[in-house]
1. Can you compute the charge dipole magnitude of the chain about its Cα centre, using +1 on each Lys and Arg Cβ and -1 on each Asp and Glu Cβ, nothing else charged? Give it in debye, rounded to the nearest 20.
2. Mind giving me the nanometre distance, one decimal, between the label points for Gln200 and Thr6, set 7 Å out from Cα along Cα→Cβ?
3. For the charge dipole of the chain, defined by +1 on Lys and Arg C-beta atoms and -1 on Asp and Glu C-beta atoms about the Cα centroid, which residue among Thr105, Gln71, Gln203 has the Cα displaced farthest towards the positive pole?
4. So which chymotrypsin sites (Phe, Trp or Tyr not before Pro) in segment 1-76 are both in a DSSP loop and have at most 12 other Cβ atoms within 10 Å of their Cβ?
5. What are the ³J(HN,Hα) couplings of segment 32-37, residue after residue, when phi is run through the Karplus curve with 6.51, -1.76, 1.60 and θ = phi - 60°? Round to Hz, x for glycine and proline.
6. Rank-order 202-212, 176-186, 240-250 by packing density, defined as the average count of other C-beta atoms within 10 Å over each peptide's residues, highest first.
7. Whole-Hz Karplus ³J(HN,Hα) for segment 114-119, in order, using 6.51 cos²θ - 1.76 cosθ + 1.60 and θ = phi - 60°, x for Gly and Pro?
8. Quick one: among Val235, Val29, Val189, which has the greatest mean-square fluctuation in a GNM of the chain with alpha-carbon springs under 10 angstrom?
Amino acid sequence: MTTTFTPILKADHLTKIYSDRPTPALSDVSLTIGKGECVGIVGESGSGKSTLARCLLRLESLDQGTIEFRQQLYHSLKGHSLRQARQHIGAVFQHPTAALNPKLTIIDSLMEPLDLQPSLRPSFISQPIRNREQIATQLLEYVQLPTKLLSAYPHELSGGQKQRVTIARAISTEPDLIILDEPTASLDVTSQAAVLKLLQELQQSLHLSYLFISHDLAAVYQMSDRILVMRHGQVVDQFASNDLYHEERHEYTASLLDVFLA
Ligand SMILES: Nc1ncnc2c1ncn2[C@@H]1O[C@H](COP(=O)(O)OP(=O)(O)OP(=O)(O)O)[C@@H](O)[C@H]1O
């Protein structure tokens, strides 16, 4: 069976320079993410992975380069058009505790994006919807959390449960793409495996594209169809995941592989 590759996001020649830093945090980085694809980014601390995530989320300005998302020139969108495009990109970061307001109950944190846009109703929520409790309950079911957590506060949840809430919030606007920046790095090993499995299930059931960022090659390998290796702000290697062990891998990839296999 042949599958067609339909790009959902295409970034070209991205460069980001922080004025207090001698070298660019991102230098001429290009990548394409296909519909339903998971692209992994791996690299050591300081290689520019989070800067790339923030630039793609438009949380950070670019010095050079272009980003097309859903066939729009996303990098130059402003105001309402930018907010509309951003609905279609979800984000999950490393620290769920920082991502959840400690003063809000889980239902209020979960429903924040939809409360801000009452007209938005994810199509995967079954109809008829009568109230926000029902939507929030279904979102929690998607991330395999019990309904009783809706009235809880973040400090009453484990790290893994909090990360599931941020994942539920990320899918609530029915995004095409979710940027996952070290989503399991703050979790214990058991929760890490469970969250990765959940992310894979959601990707299948909701036909999501992912940009999966991690310093952990094992996690990137498990999740991704293709892998880009970053070092010093540049993409130094890229390949299909099933080609990881090819003898022509860049020497830096080979060194990551040695750690992975050790
Ligand atoms: N807001 C900022 N201002 C100045 N320099 C920054 C800023 N954010 C990141 N940097 C620098 O840019 C480089 C890339 O950082 P970035 O956080 O993108 O790397 P990373 O690969 O995500 O690292 P880590 O895995 O540790 O999060 C680093 O040298 C970092 O110190």
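The values are calculated or read from the model by the stated rules, or taken from the named source; none is laboratory data. Fair warning: this is a prediction, and the values are worked out from it, not measured in the lab. Methodologically, a virtual Cβ is constructed for each residue, glycine included, from the backbone with ideal geometry; neighbour enumeration extends over all protein chains shown. The area values use the complete protein model at the heavy-atom level, side chains included, leaving out ligands, DNA and RNA. Shrake-Rupley method; radii C 1.70, N 1.55, O 1.52, S 1.80 Å.
1. On the way: 23 positive and 28 negative charges, 207 e Å.
It comes to approximately 1000 debye.
2. 2.5
3. Going by the charge dipole, the pick is Thr105.
4. Working: sites: Phe5, Tyr18, Phe69, Tyr74; in loops: Phe5, Tyr18.
The qualifying sites are Phe5.
5. 10, 10, x, 4, x, 9
6. Working: 202-212: 19.1, 176-186: 21.9, 240-250: 12.0.
Going by the mean number of other Cβ atoms within 10 Å, highest first, we get 176-186, 202-212, 240-250.
7. Whole-Hz 3J(HN,Hα) from phi for segment 114-119: 6, 5, 6, 10, x, 6.
8. Residue with maximal mean-square fluctuation among Val235, Val29, Val189: Val189.
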